[in-house]
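A.B. asks: Below you will find the structure I want to go over with you.
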Amino acid sequence: MGKSVVEKIIDSHKAGIQYNGDIDIRIDQTLTQDSTGTMAYLQFEALGIDRVRTKGSVAYVDHNTLQTGFENADDHKYIQTVAAKYGIYFSRPGNGICHQVHLERFGRPGWTLLGSDSHTPTNGALGMLAIGAGGLDVALAMAGVPYTIKKPRVSSISLRGSLGFPASAKDLSLKLLDILSVKGGIGRILEYSGEGVTSLSIPERATLANMGAETGATASVFPSDKITRQFLANQGRKKEWVELKADNDVEYEEVIEIDLREIVPMVAKPHSPDNVVKARELSGVKVDQVAIGSCTNSSYADLVKTAAILKGKKVHHNVSLVISPGSRQVLNMLAESGALGQLISSGARILECTCGPCIGMGQAPPTNGVSLRTFNRNFRGRCGTASGQVYLASPEVAALSALKGYIADPSTELIHINVNMPEKVLIDDSMIIVPPGEGRKVEVVKGPNIKPFPVNRALKKKIQGEIVLKVEDHITTDHIMPSYARLLPLRSNIPALSEHCFEAVDSQFPRRCKEKGGGFIVAGENYGQGSSREHAALVPLYLGIKGVIAKSFSRIHRANLINNGLIPFLLDDLEDFTKLNLGHTLVIDAIKTSVSGQDYVEARVINGDYNVRLKLELSGKERKILLAGGTLNYWKCQLST
C-alpha cells in the first residue's frame, strides 16, 4: 500500500524504538517567539546543553513589541544574547511574524519543525511536518531529544477545481472548520490532496495550514510541487526544494472532498472560529473596527488585494482600519509596488510587522464593539475588550466592509481583481542575526522581570485537595492565562502573572488557590483549546494545582500539563461532571502506583460522600514523566547519564 506525504516524512525521521502507538521523530528545526521564548530558553539553559543540536533554530520577536515599560525590551535582550550563546538565529523586532518569515527564509520541504506557537503548522504549506508545542518540548528538541507524537490519523482534504473570485483560501479554511469544528481535528494530521491543490499558491496554502490549528489538528501538510519550487526559487532558495507527493495507491483513514468552485465568502461569528455562516447572512451588521493581517492573512498577495479594493476610496468614517504586514519583506514590496500608498491614502493605519491585535497587543475594539478580523481566533476577550464581538473573515470581505461600515459580501459588490505578483522578491536578511561560531564568551543578559520558573517535585504516594475551579466546555488558554497587552510583559514573571490566572472566568481563583494550598480543576470538553502557551500550565503549577479532571483535553495543553507534572485525569463517566463541585475535597490514594501502570484510579470525594472513577490515558513515557514530577526532571536525569 502506498504512503502519504505525512507518512514519508515521519518514516524518514523516526528515532529509536517505537512503542504503544507512539512515534519518536527527529526535529530538524525549531522556532520560538518572544512571549513563549523566554521560558523555553530558561528551560533550555536548565538542561545544561552547551549548543543547540538541531539543523537550525530561530528565535523570533513578534508578540511583545509594545514597549510601555522595560519588561519587553529586557526579554528581547535576553533572547538575543541567549540565542548568540547557544547557536540560534535571532529575528529582530520588526522583521516580521515568525510563521511568515520562517515560510520565506527557513522552511524546507520534507523537514520537521517544532515551534512554541500553536500556528507553527503554517509551514506545512511548504511540505514540512510542522507542529506546535509547549516551550519545554521545544527546549528539549533544541537539545537533540526526539519529539514524541501519537501515531496520527492522516485525513485527506481532497480538493477539486479552483477557487472562483471572490472566494479565497480563508473562506475554504472556514468551511473546513464548519465541517470539522474546533475539536474535530484532534489526533489527526490534515493532508491536502487532489488536483485542486495545484491551483493554490503558497500564501493560500499557508492560510489553510495556519487555520488547521483551529480544528485541533496536529499539523496540516501539502505536497511539495512545482508551486513550492517556484516559491523557493523566488526566495533564492531553489536548491532547498525537493519533490514530495503521496503515492497513487495511498489509502487515507478519512477523505473529506471539497469542490473549490462551491466555496463562497464565509464569516466566523463570535466567539469561536467554527461558528461559521456565509457572509451574505451577516450583510448589514455594523462594524466598528477592521483588522487585516496576522500570521493567517498578511502575505504580499493578501495585502495587495486589499490595496486594490481600497484604491481611490476612503475607509468609512465610523470604522478604524488597521493593517499589519506579515514581514518586512512584504512591507518593502508593498512600498515598491505602490500598494502601500494606496492603503495609506484610503485611511488605513499601518502597524508594525508583528502579531499585534491578534494576540491582544493593542487595537482593542470599543466597548461592545464589532471587530472584523482576518485573524485565526475570536475567543471571548482575546481582543483585549471583554465585551468585544470579533468576527473572522477574508481580506476581501474585511476590506470591502471597511469601506461600507458594515459586513459586506464581496460576491455582490466587487468586480474581479487582477493581482500581478512581482517577478522578483525583495530579499533582505539584515535583521536576522546569525549566531557566532563560538558562544561560550557571550554574556546572557537577564533583566529584573525575568524570574525562575516553577519546577514540580516527584509524585507522592497520595494527593489530596479541594476543587478550586469548575468550568464548562471549550475553555481556551486565553481563559486560563490571558495574553493581552497589559499581561504579555509579565510572561517571564510567573509570580506576577499568577495574579491574573483565570481572571476572566473567576477572578477569585488565585486567592482561592493560595488559601487552599492549590487543589484540582474540573473542566468540560476540549480543555486548553487554542494557544500553545505553556504558561497556562506553569501558572496553575505555581498556584499549587495538582491535576485537571476533564471530559477531554486539547493536544498541546494536555502535553504541557504532563510536562509540568500535572496529571490530566479523564472522567470515566461523563455524568460525574455534575457531581463534582467547587469546594469538594478529593483524595486519591496510591496515585503513584496508579500512574505507574494502571488505567483507572478512584477519587474519594470526602464532603460529597461518593467516589469518582477517573481514567489515566497515558503512554509509558508519560507515566515516567509524571512520576518524576515533570519532563525537566525526567530529562535532566536522562541527559546526565
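Here, each number is a calculation from the coordinates, and none is a lab measurement. A quick note: this is a predicted structure, and the numbers were derived from the prediction, not measured. Cβ placement follows ideal geometry from the backbone for every residue including glycine, while neighbour counts extend to all protein chains displayed.
A.B. asks: My understanding is that a pair violates if its Cα-Cα distance is over 24 Å; which of Lys3/Lys621; Lys14/Lys245; Lys462/Lys579 do that in this structure? Before the final figure, lay out each step's value.
C.D. replies: Numbers: Lys3/Lys621 28 Å; Lys14/Lys245 19 Å; Lys462/Lys579 22 Å.
Pairs exceeding the cut-off: Lys3/Lys621.
A.B. asks: Between Met421 and Gln638, what is the FRET efficiency for a Förster distance of 45 Å, r being their Cβ-Cβ separation, to the nearest 0.05?
C.D. replies: So, using R0 = 45 Å, E works out to roughly 0.40.
A.B. asks: Let me ask you something else. Under a 5 Å amide H to amide H cut-off, with H placed in plane at 1.01 Å, what residues pair with Arg349 once short-range neighbours are removed?
C.D. replies: Here Leu321, Val322, Ile323 satisfy the definition.
A.B. asks: I'd like the distance separating the alpha-carbon centroids of segment 392-416 and segment 618-639, in whole Å.
C.D. replies: 51 Å
A.B. asks: Please report the antiparallel percentage of DSSP beta bridges with both residues in segment 1-127, rounded to the nearest 5.
C.D. replies: Roughly 15 percent of the DSSP beta bridges within segment 1-127 come out antiparallel.
A.B. asks: Among bridges DSSP assigns within the chain, what percent are antiparallel (round to 5)?
C.D. replies: Roughly 35 percent of the DSSP beta bridges within the chain come out antiparallel.
A.B. asks: Which whole-Hz ³J(HN,Hα) couplings does segment 429-444 yield from phi under the Karplus relation 6.51 cos²θ - 1.76 cosθ + 1.60, θ = phi - 60°, glycine and proline marked x?
C.D. replies: Values, residue by residue: 9, 5, 9, 10, 8, 7, x, x, x, 10, x, 4, 8, 6, 8, 7 Hz.
A.B. asks: Beyond 25 Å between alpha-carbons counts as too far, so tell me which of Lys175/Lys314; Lys175/Lys615; Lys286/Lys313; Lys150/Lys226; Lys311/Lys424 fall in that bin.
C.D. replies: Lys175/Lys314; Lys175/Lys615; Lys150/Lys226
A.B. asks: Using modelled amide H (1.01 Å from N, peptide plane; none on Pro or chain starts), what sits under 5 Å from the amide H of Asn64, excluding residues fewer than 5 places away?
C.D. replies: Asp34, Ser35
A.B. asks: Give the residue from Asn607, Ser346, Asn297 lying farthest towards the positive end of the charge dipole for the chain; charges sit on Cβ (+1 for Lys and Arg, -1 for Asp and Glu) and the dipole is referred to the Cα centre.
C.D. replies: Positive-end residue among those listed: Asn607.
A.B. asks: Next question, about the same structure. Applying a 10 Å radius around every beta-carbon, put 196-204, 545-553, 489-497 in order of their mean neighbour count, most first.
C.D. replies: Most protected by this proxy first, the peptides run 545-553, 489-497, 196-204.
A.B. asks: What share of all Cα pairs of segment 266-413, in percent, falls into each consecutive 10 Å distance bin?
C.D. replies: So the P(r) values, bin by bin, are 13, 47, 34, 6.
A.B. asks: Straight-line reach from Lys85: which lysines fall under 28 Å, measuring Cα to Cα and dropping same-chain residues less than 8 apart?
C.D. replies: Counting by Cα, and skipping residues close in sequence, Lys85 has these lysines nearby: Lys55, Lys77, Lys441, Lys446, Lys451, Lys636.
A.B. asks: Calculate log10 I(q)/I(0) of the chain for q = 0.05 Å⁻¹, where I(q) comes from the Debye formula with a single equal point scatterer on each Cα and nothing for solvent.
C.D. replies: Values, matching the q order: -0.21.
A.B. asks: On to the next question. Quick one: check the C-alpha center-to-center distance for segment 434-474 versus segment 324-380, whole angstrom.
C.D. replies: Using only Cα atoms, the two centres lie 32 Å from each other.
A.B. asks: Hey, another quick one. Please give the calculated 222 nm ellipticity per residue for the chain, where each DSSP H segment of at least 4 residues contributes -39500 (n - 2.57) and the sum is spread over every residue; nearest 500 deg cm²/dmol?
C.D. replies: Calculated from helices alone, the mean residue ellipticity at 222 nm is -8000 deg cm²/dmol.
A.B. asks: Tell me, how many Å apart are the Cα centres for segment 102-143 and for segment 537-613?
C.D. replies: Measuring centre to centre over Cα atoms gives 31 Å.
A.B. asks: I've got another one for you. Got a sec? Which residues in segment 415-454 would a label at Ala496 touch, if it sits 7 Å along Cα→Cβ and we count backbone N under 14 Å?
C.D. replies: 447-452
A.B. asks: Now a separate question. Could you give the angle, 0 to 90 degrees to the nearest 10, between helix 300-310's Cα long axis and the longest principal axis of the Cα atoms of the chain?
C.D. replies: In the chain, helix 300-310 runs at an angle near 60 degrees to the longest axis.
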